[in-house]
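Presented below is the structure to which this report refers.
The values are calculated or read from the model by the stated rules, or taken from the named source; none is laboratory data. Keep in mind that what you see is a predicted model, and the values were worked out from it rather than measured. Ideal geometry is used to build each Cβ from the backbone, glycine not excepted, and the neighbour counts take in all protein chains shown.
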Amino acid sequence: MLSVPGDNPLLSRHREVIAPVISFNTDIPAVSAEGLWVTDVDGRRWADFACGTAVTNLGHNHPDVVAAARRQLDDLVHSGMIFLYEPVVAAAERLREITPPGIDMFAFANSGAEAVEASVKLAKHSTGRQGVIAFRGGFHGRTMGSVSYTTSSSRYRDGYHPMLGSVFVAPFPHPYRWGMTTEAAVEASLRELRLMLKHVVSPHNVACFLVEPVQGEGGYYPAPPAFLEELRSIADDEGILLVYDEVQTGFGRTAEWFASDHFRAKPDIIAMGKGIANGFPLSAYGASQEVIGAWPVGSHGTTYGGNPVCAAAAGAVIDAMEPLLPRARDLSKRAFEGFSELAERHQTIGDVRGLGLMIGVELVTDRETRLPDAKAFKHVQNHVFERELIIIECGPDGNVIRFIPPLITGEEELDWALGLIDDGLTSWEQRED
Ligand SMILES: Cc1ncc(COP(=O)(O)O)c(C=O)c1O
């Protein structure tokens with residue numbers, strides 16, 4: 001945990017009553033936040049380039065989102081599947097406009113894990129099959145079902161075996177880690193998948209492929225287009241449903257509404273969360289009316305999912321985000337150029353990858369061996385934190401900078417952050433052990 005200097009009475013109280021299993025990135029005693037900036041009890045401000053773990057894509061407390069939620073608070077806070085209410089229908093109508101073609105009916109839930117689990121339940125019910133093929137390095141949540149699909153790190157699974165049955169994990173192409181070209185990594189992954197379908201589970205037992213179009217927690221690996229296209233093609237041939245977990249990649253994070261927008265291969269079912277309501281606890285999943293509309297009444301449900309306040313916030317998020325997407329593309333270009341320039345000067349940077357404003361910068365001990373360097377990451381993270389910038393990591397080795405500024409970040413703020421990372425890398429490379 002990154003520590004703020006000086007007394008921090010909230011930390012001692014926190015430690016007494018909050019279970020340590022829930023790990024916090026910093027001990028900032030935050031009292032308010034606006035846009036990029038989080039303010040603590042002493043008035044010190046930090047730029048939040050973690051976005052509350054890829055959630056506040058519009059920046060903290062976006063005024064339109066807060067206003068929409070506030071209006072809804074006065075009218076109706078809860079329905080719990082007892083009566084209909086307009087904001088949730090309006091949010092679904094808006095989702096239909098922005099989700100990939102073919103996705104036209106939705107249901108709401110509370111968290112990413114729930115949306116993923118519901119997506120998989122839907123795939124099972126719809127196909128009448130029980131098998132799920134997930135991909136190594138994927139992160140889908142921490143509930144017992146979703147952790148069974150999560151393989152971004154074995155530590156998420158430690159202590160919880162046995163996992164759910166009939167979950168099969170196939171390789172996801174990680175060209176940099178495997179020291180291969182993208183083409184070779186795709187070929188190797190697909191070869192293993194085909195062998196799995198021949199030796200381990202027959203295609204007619206497989207309900208769905210569950211895949212993140214850009215692996216998030218697993219290290220910010222975009223799926224090569226050819227990989228998703230082949231999954232799409234096998235799915236079509238074998239009656240398997242293709243489920244995209246867009247919990248982290250959705251809502252402008254890749255500078256499009258969804259990562260799906262970058263790829264020809266579109267999903268049958270999409271799970272969404274995180275940025276959907278910019279901090280209000282909401283998630284959703286969608287499919288074609290043919291698939292999700294045939295799910296028998298009562299086969300799934302929720303008490304809080306689609307809460308009116310959260311749904312009102314989601315509508316406002318979509319309105320506020322639309323004009324920001326072109327700007328996000330410009331920012332992305334600037335960030336990638338900035339990191340490429342840093343990579344020319346810093347041998348610690350092994351790889352820069354990602355889509356839009358979902359950028360992974362992998363730090364290594366040297367470029368020959370590509371050994372992950374978590375210490376370098378910690379050093380840089382501390383360096384920038386001391387200068388009021390929050391960044392977090394991803395990847396199983398804790399060595400990838402997860403660079404996810406909010407879409408409202410200004411060019412100057414972006415350059416400032418890149419400058420701090422540059423300085424952090426310099427001081428790491430010039431250290432005397
Ligand atoms: C791709 C993906 N799926 C699912 C989840 C789980 O979401 P939640 O923590 O809201 O349950 C996450 C969270 O990080 C995620 O990144």
Residues of region 43-81 being surrounded by 13 or more Cβ atoms within 10 Å (Cβ to Cβ), at pLDDT 95 or above and over 21 Å from the mean Cα position of the chain (by Cα), in sequence order, are Arg44, Arg45, Trp46, Pro63, Asp64, Val66, Ala67, Ala68, Ala69, Arg71, Gln72, Leu76
In region 51-94, anything away from the ligand (no atom under 16 Å from the Cβ), closer than 18 Å to Pro405 by Cα and part of a loop (DSSP other than H, G, I, E, B) is listed as Leu58, Gly59, Asn61, His62
Over region 137-163, the set of residues assigned to a loop (DSSP other than H, G, I, E, B) and within 14 Å of the ligand (Cβ to nearest atom) is Gly137, Gly138, Phe139, His140, Gly141, Arg142, Thr143, Thr150, Thr151, Ser152, Ser153
Of the conditions (1) more than 16 Å from the ligand (Cβ to nearest atom); (2) at negative phi; (3) surrounded by 19 or more Cβ atoms within 10 Å (Cβ to Cβ), the single one that Ala259 does not satisfy is (1)
Every listed condition ((1) within 16 Å of the ligand (Cβ to nearest atom); (2) among the aliphatic types (A, V, I, L, M); (3) part of a helix (DSSP H, G or I)) holds for Ile22 save (3)
The residue that is nearest to Glu290 (Cα to Cα), considering only those in region 95-108 that are in contact with a helix residue (DSSP H, G or I) (Cβ under 6 Å, 6 or more places away or on another chain) and assigned to a loop (DSSP other than H, G, I, E, B), is Asp104
Taking first residues from region 1-21 that are polar (S, T, N, Q) and second residues anywhere that are surrounded by 12 or more Cβ atoms within 10 Å (Cβ to Cβ) and assigned to a loop (DSSP other than H, G, I, E, B), the pairs with Cβ under 8 Å that are 6 or more apart or on different chains are Ser3/Asp27; Asn8/Asp27; Asn8/Pro29
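For (1) among the hydrophobic types (A, V, I, L, M, F, W, C); (2) within 16 Å of the ligand (Cβ to nearest atom), each residue gets a yes or a no:
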| position | (1), (2) |
| --- | --- |
| Glu230 | no, no |
| Ile234 | yes, no |
| Gly239 | no, no |
| Gln248 | no, yes |
| Ala265 | yes, no |
| Asp268 | no, no |
Notebook entry, point to check: Is there a residue being in contact with a Phe, Trp or Tyr (Cβ under 6 Å, 6 or more places away or on another chain) and outside the structural domain of Gly305 (by TED's automatic domain parsing) anywhere in region 78-96?
Noted result: no
All conditions in (1) acidic (Asp, Glu); (2) surrounded by 24 or more Cβ atoms within 10 Å (Cβ to Cβ); (3) not assigned by TED's automatic domain parsing to the domain that holds Gly273 are true of Glu117 except (3)
Exactly one of Glu217, Glu229, Glu192 is surrounded by fewer than 16 Cβ atoms within 10 Å (Cβ to Cβ), within 25 Å of the chain's Cα centre (by Cα) and of a type in the set (Asp, Glu), and that residue is Glu229
Scanning region 185-200 residue by residue, the ones that are aliphatic (A, V, I, L, M), assigned to a helix (DSSP H, G or I) and within 22 Å of Ser166 (Cβ to Cβ) total 5
Within region 396-420, residues being touching a strand residue (DSSP E or B) at 6+ places or on another chain (Cβ under 7 Å) and surrounded by 19 or more Cβ atoms within 10 Å (Cβ to Cβ) number 10
Among the residues in region 241-255, are any surrounded by fewer than 24 Cβ atoms within 10 Å (Cβ to Cβ), part of a loop (DSSP other than H, G, I, E, B), over 19 Å from the mean Cα position of the chain (by Cα) and assigned by TED's automatic domain parsing to the domain that holds Glu93? no
